[in-house]
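Have a look at the structure below before the remarks.
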Amino acid sequence: MAEEHSARAKDFADSAVHVDVKEYYGERVKKTSDLKTNACIAPAQPIPAFVRQALTKVHPEVTDRYYGCGLVVPECLEGTRILDLGSGTGRDCYMLSQLVGEKGHVIGIDMTENQLEVARTYVDHHMQEFGYKKPNVSFVQGYIEALTEAGLEKNSFDIIISNCVVNLSPDKRRVLAEAYSMLKDGGELYFSDIYSSQRLTEEIKNHKVLWGECFGGALWWKDLLSLAEEVGFTAPRLVTANFVTVDNKELEDVLGDFKFVSATYRLFKLPKGDTKCSQVIYNGSITGAENSFQFDCRYTFKAGEVVEVDRDVASILTHSRFAEDFTFQPSGDSCGPCGVKPTAAVVDPFELALQPKKPRPGSATGGCCSTRSATCCK
């Protein structure tokens, strides 16, 4: 099993991009101060107290050598099985292992040996710190484009997360397709990444430093929508978005007028079938979000309040791990004719980034934060 050994993809070879990225994060970047831009220190959202507490228990060396553009902590984690794509030194894995509890399990996969070596060194340390009798976290060496070849089982995960890693892959469609195959029906890909305001030029995409710093491989945000649909996911639900600045004159000259955001999206794998619009009542049963649960940038559910949702959200809430947290009742007339796909779900992350930030109870999707101080990054 993947939990018991380090696996590498047999039929998947390093591309030039993979070689460059492994060299960048394995050799050139030893600590946060080695980074050349601000991609990994995106503005932070407020972090719930229980998440902050979990982060304080992560070993300092794991935290110091961890890089990403967001803190990715979805809701309803108790007892779930989670896969972290590009887990690095394992900060998110160790934090999540506390939230899933002893009955849950977290697997981190990464292609960089130096990062995995740090992550594996502290497994026993963290299990003792958390008071667990046996490890509920493990690490696999492999590629996020080749999860099956790395020994991971299809249809076996409730949640897949990723923190500023998908942009580092030269084949985003394959990453999404592999993630889709790993999820159970009703499962969710909940990930933070860097997105561009338009498709990047070849000069930018071929720039090694910009690629290593998460800019050169950034998707145009509209391409994420089409890629997700191609592989079978529901329409991506935008959760948060923050502008990312470069603050490096030489690299800014190369990037020109391109703009970038750090954005978090929810993508769900749902069984086929027609779901109608619905009225839902949040039961207030999600840990850390007892009073209100912000599902995405459009829907915030207050406990006990009736909310009309479109058919996409109705289907997600009905078939996902959130089903027991909601009461469902027939819809009113505000959803419009059956068969009409709601267009309001498509939100421009650059427009959202311009809006005033609101506290987001129950989950964390902000910029990376040190667990040992109030400063940013990992």
Exercise. Inside segment 245-296, can you point out the residues that are among the hydrophobic types (A, V, I, L, M, F, W, C), in a loop (DSSP other than H, G, I, E, B) and farther than 18 Å from R321 by Cβ?
Worked result: V246, F258, C277
Problem set entry | Lone unmet requirement of (1) more than 17 Å from A228 (Cα to Cα); (2) in a helix (DSSP H, G or I); (3) open to solvent by 40 Å² or more (accessible area, probe 1.4 Å); (4) touching a residue at least 40 places away in the same chain (Cβ under 8 Å) for E153 | (2)
Exercise. How many of the residues making up segment 216-245 are within 20 Å of I161 (Cα to Cα) and touching a helix residue (DSSP H, G or I) at 6+ places or on another chain (Cβ under 9 Å)?
Worked result: 20
Exercise. Can you tell me which residue in segment 111-137 is farthest from L176 (Cα to Cα), limited to those that are part of a loop (DSSP other than H, G, I, E, B) and touching a residue at least 60 places away in the same chain (Cβ under 8 Å)?
Worked result: Y122
For this session: Please tell me if Y282 is of a type in the set (S, T, Y) and more than 23 Å from the chain's Cα centre (by Cα).
Result: yes
Exercise. Restricted to segment 87-111, and to residues that are open to solvent by 10 Å² or more (accessible area, probe 1.4 Å) and closer than 11 Å to V140 by Cα, which residue is modelled with the highest pLDDT?
Worked result: D110
Exercise. Any residue in segment 138-145 that is among the aromatic types (F, W, Y), in a loop (DSSP other than H, G, I, E, B) and more than 19 Å from F268 (Cβ to Cβ)?
Worked result: yes
For this session: Kindly provide the set of residues from segment 322-340 that are surrounded by 10 or more Cβ atoms within 10 Å (Cβ to Cβ) and either touching a Gly at 6+ places or on another chain (Cβ under 6 Å) or at pLDDT below 90 (or both), ordered by number.
Result: S331, G332, C335, G336, V340
Seminar exercise, completed: Residues of segment 236-266 being surrounded by fewer than 18 Cβ atoms within 10 Å (Cβ to Cβ) and either touching an Asp or Glu at 6+ places or on another chain (Cβ under 8 Å) or of a type in the set (K, R) (or both), in sequence order, are K249, V254, K259
For this session: Look through segment 59-85, keep the residues that are open to solvent by 10 Å² or more (accessible area, probe 1.4 Å) and within 26 Å of F215 (Cβ to Cβ), and return whichever of them is modelled with the highest pLDDT.
Result: D64
Exercise. For D193, are the conditions met, namely being in contact with a helix residue (DSSP H, G or I) (Cβ under 8 Å, 6 or more places away or on another chain), open to solvent by less than 10 Å² (accessible area, probe 1.4 Å) and charged (D, E, K, R)?
Worked result: yes
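The values are calculated or read from the model by the stated rules, or taken from the named source; none is laboratory data. Being a predicted model, the structure only gives us computed values, none of them experimental. Every residue, glycine as well, gets a Cβ built from its backbone with ideal geometry; the counts of neighbours run over all protein chains shown. Calculation scope for accessible area: heavy atoms of the full protein, side chains included, ligands and nucleic acids excluded. Shrake-Rupley method; radii C 1.70, N 1.55, O 1.52, S 1.80 Å.
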